[in-house]
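Input: a single structure, listed below in structure tokens.
The values are calculated or read from the model by the stated rules, or taken from the named source; none is laboratory data. No experiment lies behind these values; they were computed from the predicted model shown. Cβ: placed from backbone, ideal geometry, glycine included. Neighbour counts: every protein chain shown.
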Amino acid sequence: MARTVAIVEDDAAIRANYADILKKHGYQVSAYGDRKSATAGFRTRLPDLALLDIGLGEEPDGGFTLCRELRAMSAALPIIFLTARDSDFDLVSGLRMGADDYLTKDASMPQLLARISALFRRADLLREPPAAEEVLERGPLRLDMKRFHASWRDAPVDLTLTEFWLVHSLARYPGHVKDRESLMRDAHIVVDDSTITSHVKRIRRKFQAVDGTFNAIDSVYGLGYRWNN
Amino acid sequence: MRLTLRAQVVLVALVLAVIPLVGYVHVKQIERLLREGQEQALLATARAIATALHDRPQLLELRAGEPASGEMALILRSLARAESRIWIVDRDQRLLALVGDLKKRSAAEDPPDLLTRFVHPVAALVLDRPTEDFDDSLPESEIGGPVAASALQGVPARRWRQSPDSRAVILSASHPVWSGDDVVAAVVAEETTNATRSAYNRAMEQVIGLTLIAFVAGALALLLFASRISTRLVRLRDEAEAAIDSQGRVRKVLAGSKARDEIGDLSRSFSTVLARLGEYNRYLEAMAGRLSHELRTPIAVVRSSLDNLRLQLLPAEAGVYLARANDGLKRLDTILTRMSEATRLESLVREHPRERFDARDVVRGAPLAHPGKKFEIDVPGEPVWLRGAPELYAQMLDKLVANAVDFATGDEPIRIRLEPRGADAVLTVSNRGPRLPQAMAGKLFDSMVSVRARESGAEPHLGLGLYIVRLIAEFHGGTAQALDREDGSGVVLKVVTPLESGTRP
């Protein structure tokens, strides 16, 4: 059965265009113009992936509210914010609400499609039996590939899936510089550079919350990042 | 010549100098009246004695040289004034009687009041002080002098003369003593002008004292007032100057004085003007952000429509237009990305956490983003500690390098140099190439200012790169500058940021 993608977008033209393209790519689409109808729709049937705009008609932060509601309904449902807002504050807020990705509206359709399929792929990985390497250990870091759970010095670090994949990508080959593009590839996401920077910053902060002296992720200015043991 | 407000008010205060002048003229007038009065009084005395003697001609039968006695002395004494001398000569110019003394007998004077005492030394410079120490002899020449002679001719006369030693002025008035139609003798009354002189001096002292006080008080009040006004104006000027920096940006808005006068009004209107200017500046700076935000939705409509269109079966020539539309869209995209980079940074630097980092690490990585370009990197041996955000510093350096790469001519390497200088870290990126246009000096680091020649079809330049440099330099507490190389062979972009305190001895 075709996967269902929910689009919540208040601009009718964009909504219809996205819906058309997604349908042509074989997804089932349910499109909503405001938060109320979307909430009602989600209650009836949860989609497999949600594309949310932040500003919904009269509600400037309607998308955030919707994201929280969706997260409450399902912890694993991939959520992408698709919005005209591009401030770092909105980006961080969006990710903090539990969204898996954040895309501005100037992203091209292939980019959006790649991201949707990447997120679906990752969702599939969750259901499939774990890969050969179940646990990745790098010094104090321990990544449980089965449960997508990370810990540092035996203390759990609460990473989102995107962040988990980024850490995994970096820690797999310590000492190697990963540029932003290969990081994106490894994390199955297509985002712009500053989103990666934002992700890495949040990852560092999460580890530092557990261990104040954490400095395993090096910035290589002009190139990318490196895990160092 | 610059004439301060204070100096101008002092000049205006000179008008007050008229007050002492008026006082002086007034006192002179009084002196004239006093003299007149004294003359009249003396003349009256002489006349009274002459009249008294007229009724008693027998009294004139005295021998010359003998003191007046009896009734004669009584008359003279009763009619004479204090401090006056009266003498009588007969037709043969023999002195018949001499009564009285020109000198003041009681030296007791009123104790001077405070004001007089205060003014005394000043007044002494200009005033002639009368003295009681003078030669009061009656010289022979005076007995036969013009005053007596005139009276003997039947005409009353008066005259001012000096005492023989010239230390006092003596006023004499004469009157004839008639016997029938003949003049039998002349009465001469004499007085010094010391009394009037003293009165004149006292008045003068008072005038000098009072006008001095009025003048000083007035001038002082004016000066204080002028100082106050000038202080307020200077403060307003300083505030107004401090409010706008060299690039014309409003640094802070004036508080606006609460004073309810014209200077207060001026301060308030300054404050309003600055507030409006600040709003306008903010509007301009936020323009890029707002534009990118507002344009994003319609662009998304166009893009998704084009994406849909591409999935349709279209006639062959439609593909050309589709490609062109896509190109245009891509350019719009670039513009939007640049704009949003600047706005995102604007909000980012507002609350970005600061950490301690070694700027050398950032500088060393600079060439990695530009493979195929030659660089010459010069960093010091010891760490250059800065307080800020290394990734922002890297972004700034990237913009500087990108700018240098774009403008560089020839294959001379781009020179990147980091060095501590005093309490600052100086980062310079220098390239061979055309000089800076003079007209743009100081504006290069503003939002949406570009000096690039417009080439059709080329990547759009919004002039946001160096604006980002400025934002990040300011985030690190520093400044950005663009200079020509000293030999004119190229351009140097310079960012000066303070070293983290405590890292230099």
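Residue-wise test of (1) more than 28 Å from A:THR213 (Cβ to Cβ); (2) more than 10 Å from every other protein chain (Cβ to nearest Cβ).
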{"residue": "B:GLU351", "(1), (2)": "no, no"}
{"residue": "B:ARG360", "(1), (2)": "no, yes"}
{"residue": "B:ALA369", "(1), (2)": "yes, no"}
{"residue": "B:GLU382", "(1), (2)": "no, yes"}
{"residue": "B:PRO390", "(1), (2)": "no, no"}
{"residue": "B:GLN395", "(1), (2)": "no, no"}
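Out of the residues in the stretch A:112-131 meeting the condition of being surrounded by fewer than 20 Cβ atoms within 10 Å (Cβ to Cβ) and within 14 Å of another protein chain (Cβ to nearest Cβ), tell me which one is modelled with the lowest pLDDT.
Result: A:ALA114.
Looking at (1) surrounded by fewer than 20 Cβ atoms within 10 Å (Cβ to Cβ); (2) aliphatic (A, V, I, L, M); (3) in a loop (DSSP other than H, G, I, E, B); (4) within 14 Å of chain B (Cβ to nearest Cβ), find the lone condition where A:LEU46 falls short.
Here A:LEU46 meets the rest and fails (4).
Mind checking whether some residue in the stretch B:17-24 is modelled with pLDDT under 85, in contact with a Gly (Cβ under 6 Å, 6 or more places away or on another chain), in a helix (DSSP H, G or I) and not small (Gly, Ala, Ser)?
No, the conditions are met nowhere in the stretch B:17-24.
Table: residues versus (1) within 13 Å of another protein chain (Cβ to nearest Cβ); (2) surrounded by 22 or more Cβ atoms within 10 Å (Cβ to Cβ); (3) in a helix (DSSP H, G or I); (4) among the aromatic types (Phe, Trp, Tyr).
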| site | (1), (2), (3), (4) |
| --- | --- |
| A:GLY63 | no, yes, yes, no |
| A:GLU69 | no, no, yes, no |
| A:ILE80 | no, yes, no, no |
| A:PHE89 | yes, no, yes, yes |
| A:TYR102 | yes, yes, no, yes |
| A:PRO110 | yes, no, yes, no |
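Can you report the number of residues in the stretch B:335-379 which are assigned to a loop (DSSP other than H, G, I, E, B) and either crowded, with 17+ Cβ neighbours inside 10 Å or not basic (Lys, Arg) (or both)?
6
Applying the selection to the stretch B:148-177, what residues are in contact with a helix residue (DSSP H, G or I) (Cβ under 7 Å, 6 or more places away or on another chain) and under 15 Å from B:LEU96 (Cβ atoms)?
B:SER174, B:HIS175, B:PRO176, B:VAL177, listed by residue number.
Residue by residue through the stretch A:1-22, note down the ones that are more than 10 Å from chain B (Cβ to nearest Cβ), part of a helix (DSSP H, G or I) and not aliphatic (A, V, I, L, M).
none
Looking only at the stretch B:263-311, filter to residues that are surrounded by 16 or more Cβ atoms within 10 Å (Cβ to Cβ) and touching a residue at least 60 places away in the same chain (Cβ under 8 Å); which one of those is farthest from the other protein chains (Cβ to nearest Cβ)?
Step by step, filter the stretch B:263-311, then rank; the result is B:GLU285.
Identify, from the list B:ALA221, B:ALA157, B:ALA185, B:ALA189, the residue that is buried (at least 18 other Cβ atoms within 10 Å of the Cβ) and without any contact (Cβ under 8 Å) to a residue 40 or more places away in the chain.
B:ALA157
Of the conditions (1) over 15 Å from the mean Cα position of the chain (by Cα); (2) under 30 Å from B:PRO353 (Cα atoms); (3) of a type in the set (S, T, N, Q), A:THR4 satisfies every one except a single condition; which number is it?
Of everything listed in (1) over 15 Å from the mean Cα position of the chain (by Cα); (2) under 30 Å from B:PRO353 (Cα atoms); (3) of a type in the set (S, T, N, Q), A:THR4 misses just condition (2).
Going by the structure shown, is A:TYR27 within 15 Å of A:LYS105 (Cα to Cα) and either away from chain B (no Cβ under 14 Å) or within 22 Å of the chain's Cα centre (by Cα) (or both)?
Spelling it out, it is not the case that A:TYR27 is within 15 Å of A:LYS105 (Cα to Cα) and either away from chain B (no Cβ under 14 Å) or within 22 Å of the chain's Cα centre (by Cα) (or both).
Is there a residue in the stretch A:40-47 that is under 22 Å from B:ASP307 (Cβ atoms) and in contact (Cβ under 8 Å) with a residue 12 or more places away in the chain?
yes
Kindly indicate whether B:LEU313 is at pLDDT below 85, assigned to a loop (DSSP other than H, G, I, E, B), of a type outside the set (D, E, K, R) and out of contact with any His (no Cβ under 7 Å at 6 or more places or on another chain).
Judged against the criteria, B:LEU313 is a match.
Can you name the condition, by its number, that B:GLU355 falls short on among (1) over 21 Å from A:SER198 (Cα atoms); (2) more than 9 Å from every other protein chain (Cβ to nearest Cβ); (3) not polar (S, T, N, Q)?
Result: B:GLU355 fails condition (1) only.
Would you mind listing the helices (runs of 4 or more DSSP H) fully within the stretch A:155-229 where at least 2 residues are within 14 Å of another protein chain (Cβ to nearest Cβ), in contact with a strand residue (DSSP E or B) (Cβ under 9 Å, 6 or more places away or on another chain) and crowded, with 19+ Cβ neighbours inside 10 Å?
Qualifying helices (runs of 4 or more DSSP H): A:193-210.
Please count how many residues of the stretch B:312-333 are facing chain A (nearest Cβ under 10 Å) and over 17 Å from B:GLU294 (Cβ atoms).
Residues in the stretch B:312-333 being facing chain A (nearest Cβ under 10 Å) and over 17 Å from B:GLU294 (Cβ atoms): 3 in total.
Among the residues of the stretch A:132-154, which ones are in contact (Cβ under 8 Å) with a residue 40 or more places away in the chain and either loosely packed, with under 12 Cβ neighbours inside 10 Å or assigned to a strand (DSSP E or B) (or both)?
Residues satisfying the conditions are A:ARG138, A:LEU141, A:TRP152.
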